[in-house]
Every structure is written in structure tokens, then in C-alpha cells.
Ligand code: BES
Ligand code: ZN
Ligand code: ZN
């Protein structure tokens, strides 16, 4: 999709209006709209025929509110053979900004289904003057207009040829915010593209290569540890999880190092390229969705791209812990015990609780890199989905300030987090007579015991938060402004958090 920004408009009376124009057929518009929005004339060019009015094509302003008088009601559209005017209204189930973003996605979807060549979105009302909102809406547009089409014999020419004109009432600084929002969408879509790839393609080595390619492009430092490197570094958790797969595990370290940074934060992403469950095999139904078990790593790659482009004054290390959790004769068995590099012995009672075994190596590495604050992000537990459903991710951590800042970032980006307690009492469920600890808790609150399992491996004095994104990382049928598949959840949240650090002081 090509995007053009256009900044002349007077109030149109609607918060968000989309015009989808079939150029080849010529468009007919009520001249009242032309007067209110001068930019329309340039947009429609010769196809605008002064003095004509297509009967039944355009509603007046009252009608546009919805016949039932419910402004928050379902989106409505008016269609004739040649022209479509689509006016999307707020979706009452979502917060206002999310509803506006979803409305934009509706416009894009409609434009695509009608094989339209142009889509004009007029950002009026609050959006005309609110830079934050405009950036957010532009990001949503970039997200909404993206499809994963690598495995289509014929990729959609419609999407590629769709021209999207954003009309704002603002000035050059507001236009710049649109550019920033669209670029953030590129980072989010990078994460989505990585996740949507099948497990046989997005192996740990390929994930590492793709991360390195991004790093080279954006001027980040990158180090890849292959199997030998993992052995040399003592990263026994990743090795234990990856030992059953022909695709060897990797750790990737991405480094953003500005001069004289006051802070150093690490982002650690779970990168299980496919999670069969291992010997503790998962049920077959929906197992294909486990290609998304590297969504945390993908979000870190996306966030590191966004950070590299915005150049904050904070050192940031992105750490990807990549392995395939495969069943087979070389796979680890339930009951196997390995020694973590901090000296603790871990009994693997369930090979499907593999993410935490990899993440604790990532936490160790974050400490070795010198990070003072660590956020890990992982599709970690079904328990978190049972607790929150799929619209929220869980957050747990050892520092309330950090957790609440992350929650606030999520409220802004629409990647919402809900906090859970690190209830020490539940840690006794991780005890075993045969080793220092085991990798699963009891029947309840598995998202809390997972975080409690990781807590002792957090480097001393580091602030730490854990994001469990098992729910919102991947939607087989799509969600809000996301087409079916991966959402890139966390990309924007993590980038926003890092970018806000300099201002907030922590
Ligand atoms: N990758 C899964 C968690 C998951 C489930 C992500 C559904 C996305 C959708 C994770 O590795 C896992 O299998 N966790 C187990 C832990 C259990 C064995 C303690 C779970 O949640 O069932
Ligand atoms: Zn698992
Ligand atoms: Zn997993």
C-alpha cells in the first residue's frame, strides 16, 4: 500500500470518515463534502463532476450517525455501482483509540474487498490536532494494511495498488508524527512476518539470521551463539530444550549502545520456533499454532528495530533464546535434571514447560551484559490465557514501579497488560525431593508459578518484569486491526517503554 499525507481540511463533522473511490468508474460526490474538505477535489481529480449528485449515494450528517441514532453502533456504508462512502463509527467494546484504530482497519478491509484503488481517510475531530493519536492511528493503518502472503500463488495486487490518502487538519509536525506511526507499523509487521512463517522455515538458525539482517540494516551490534557457543557460555537450559531437534538452538544478542547512556535495559524474548511439548507431547488440536511460540523473540526484534531508528539515550540489549522443542529419541525426558550456570539443579518434570528453561539463560546473559533492568516477553502459559482470555497479556515483576510503567505503555499502545502477584507462597509448588527445583507448579495459577520459577535466576539487583503474551500474540482468525495470524504484540509496548525511559527516569 502506498500512503500519501494531505493536510488541508476543515471540519467534516465526523470523527473518522473514509472515502473509497473506484477511480475507473468515476466518482460522484455531494458538493457539500467538496466544500468542507477541499482536499477531496485534488484526490478525485477529473472524476469529480461538479453539480452532479448520485441519488442515494450520500447520507446527510444525521443519517451518518446511524439510523438507530447510536453513534457507537456498527459501521455503515453506502454503496452504489461507482462510489462508496464508508463512515466507520466507534466500536463500543473497545477503548476510544482502539475503536478508532479498528474503524480504520474496517475501511482498509472494505477497500480491499471492493478492489478499490484509493482510500481516503480523513482524520478529523480530535485526531486533527492530537499528535499522539495521529501517530497511533497511522500505526494502526500500517498494521491493518499488512497481509502475510508469502505462501499465496498469486499475492494480492489489490493491496499493493491501493493508494491511501490521509487527510489531516494539521501542520508539518503532525505529518511527521504520521511518518513515525507508519514506521512503527513496519517494525510491528516485521515481528508478525517472522511469527507467521511455518516452524520448518523459521528455525532457530533462520530466526538468528533474520535478526542479524535487521541489526545490520539498522546499525545494531549482533552476536549469534550457535551450539558450540551455547556450550562454551554454559547456557544449559536452551541446550536441554533444543537437544531433541535437528535444528540446533541459538542465542542472539542485539546491542544498541549510544554514547554515555545513563541506563542499560535488556529485552529477553522466548524464541521457541515450534513447541510440540517435547516428550510431554501437546494434544494435536491447534498444535499448528505453536509456530507462534517465538512471538516474544519476534517482538524483541521488532522493538529493537524501532529503538534503533529512534535513538534513545539508553543502552538496550535484545536477547533471543531460540530452540525447537521437538519430540524424539534425543529429546529430554520428564524427570531429567540439568544444572543451570548459577549452580542450581533443575528437574524437568514436564518438557512442555520449556520456555522458562530457555528464558533463565536469557536472564543470566542480560546480567552478564550489565543490564540494570530486564523485561522478558514470552508466550509462556495456557494458564495466563485461562485467567485473562486473549485480549490481555499478564505482567509480573519484582518492581512495582516498572510493572506500572509497562501497564501504562500498554494502555497507550493498545497492547494491554494485567498485573499478577509474585506470591511467594506458591513457590513451594516448585519444590522436588530430587533437585533444587522443578520446572512446573501445581494445578492452579500456572502463569504465577512460571514467573516464580524464573525469579531466582534474575541477576542480583536487577529490576525485572515478565510479560506472558500467550493470549494476544496470535489469532487464527484475526483481532481488532490485525489480519489473521500474528499480532507482533509487545513490539510497540517495549519500544515505547524504552523510549520513555529517559523522560520518566526509570
Ligand atoms: N507455549 C506454551 C504456552 C502456550 C499455550 C502459548 C497456548 C500459546 C498458546 C508453553 O510452552 C506451554 O506449553 N506451557 C504449558 C506449561 C505447563 C506444562 C506447566 C501450559 O501452559 O500448558
Ligand atoms: Zn511448551
Ligand atoms: Zn512454549
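By the beta-carbon count within 10 Å of each Cβ, the least crowded to most crowded order of 468, 293, 175, fewest first, is 175, 293, 468.
The Cα center of the range 238-255 and the Cα center of the range 288-309 differ in position by 16 Å. If you take the Cα centroid of the range 338-417 and the Cα centroid of the range 442-504, the two points sit 6 Å apart.
Bear in mind that the values in this text are calculations on the coordinates, not laboratory data. Please read all numbers here as calculations on a predicted model, not as lab measurements. Backbone-built Cβ (ideal geometry, glycine too); neighbour counts: all protein chains shown.
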